[in-house]
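Here is the structure we will look at.
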Amino acid sequence: MFRLFLNLSLLILVVSLCACGGSEDGNNGAGGTGGGTGGGTGGKTSAVVPKKAPVGDPTGAPVSASIGPEGGVLVSDDGRFEVDLPAGALAAPTDFSITPLDNTAGGGVGTAYRVLPNLQLAKPATVRFNYDDADELGSLPEAFEITYQDDDAFWRIVQGAVVDEFEGTV
C-alpha cells in the first residue's frame, strides 16, 4: 500500500510488481516513459538511473466512477489495482478512470494502469496493487516496488511503498 501525498497528477498511474535483481546497466528496471506510476524492480539499490520507455498500449476498457467529497474507492476491472480517495480529498464530484496498459517498465511484472484525471488532492490517496503467487515467481514480496512514469516518460520508484505479505498487497 502506498499513500500518494503530493497529488494524483498522474497521467499514467502504472502500478505493478517487479522482479528481483537489477539489470546489467544498474538501472534495476526503473527506466521508462509515460506520465504516471508503474511497475519497477525489486532491487532496493541507491544507484537507479531513470530511463525513458514508450507508454504502454491499453489492454482493456477503462473502469470509471464519479467520486465526491465523501471519498470512495475505484478498483480496476481485474481487481488487482485500486485507488482509495479519503473524505475531504476532493471539493466536488470528479470522474475518475483506471485503464489497464502494457507494462513498459524495465523489469516490471504484470499490468500497468493509467489513472485519470490529473489533479491536486486536498488529502492523500492510497493506491494498492494486489499480487498473487504467480507474481512472486523469481522474486520475493519484500523486493516488490511501485514505480510510475512521469510526464517526461521516465520511470521513477515510489518511495514509501509498503508490502503486506499477509494481504498480498503493495
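Going by the structure shown, is Val163 within 23 Å of Pro50 (Cα to Cα), touching a strand residue (DSSP E or B) at 6+ places or on another chain (Cβ under 7 Å), surrounded by 17 or more Cβ atoms within 10 Å (Cβ to Cβ) and among the hydrophobic types (A, V, I, L, M, F, W, C)?
The answer is no for Val163.
For the subset of the range 145-159 comprising residues that are under 18 Å from Gly56 (Cβ atoms) and in a loop (DSSP other than H, G, I, E, B), which member is most open to solvent (accessible area, probe 1.4 Å)?
Result: Asp151.
How about the range 88-111: which of its residues are free of Cβ contacts under 8 Å to residues at least 40 places away in the same chain and hydroxyl-bearing (Ser, Thr, Tyr)? Write out each step before concluding.
Within the range 88-111, the subset free of Cβ contacts under 8 Å to residues at least 40 places away in the same chain is 88-97.
Answer for the range 88-111, where residues must be free of Cβ contacts under 8 Å to residues at least 40 places away in the same chain and hydroxyl-bearing (Ser, Thr, Tyr): Thr94, Ser97.
For residues in the range 126-144 being part of a loop (DSSP other than H, G, I, E, B) and at pLDDT 85 or above, which is most open to solvent (accessible area, probe 1.4 Å)?
In the first step, residues of the range 126-144 are kept if they are part of a loop (DSSP other than H, G, I, E, B); the result is 131-132, 137-140, 144.
Of the ones still in play, those that are also at pLDDT 85 or above are 131-132.
On the way: Tyr131: 23, Asp132: 70 Å².
Filtering first and then ranking leaves Asp132.
Would you say Ala122 is in a loop (DSSP other than H, G, I, E, B), among the small types (Gly, Ala, Ser) and without any contact (Cβ under 8 Å) to a residue 40 or more places away in the chain?
The answer is yes for Ala122.
Restricting to the range 66-91, and then to whatever is touching a Gly at 6+ places or on another chain (Cβ under 7 Å) and among the hydrophobic types (A, V, I, L, M, F, W, C), can you tell me which residue is nearest to Ala122 (Cα to Cα)?
Ala89
The values are calculated or read from the model by the stated rules, or taken from the named source; none is laboratory data. Keep in mind that what you see is a predicted model, and the values were worked out from it rather than measured. Reconstructed Cβ throughout: ideal geometry from the backbone, glycine too, with neighbour counts over all protein chains shown. SASA here: full protein model, heavy atoms, side chains in, ligands and nucleic acids out. Shrake-Rupley method; radii C 1.70, N 1.55, O 1.52, S 1.80 Å.
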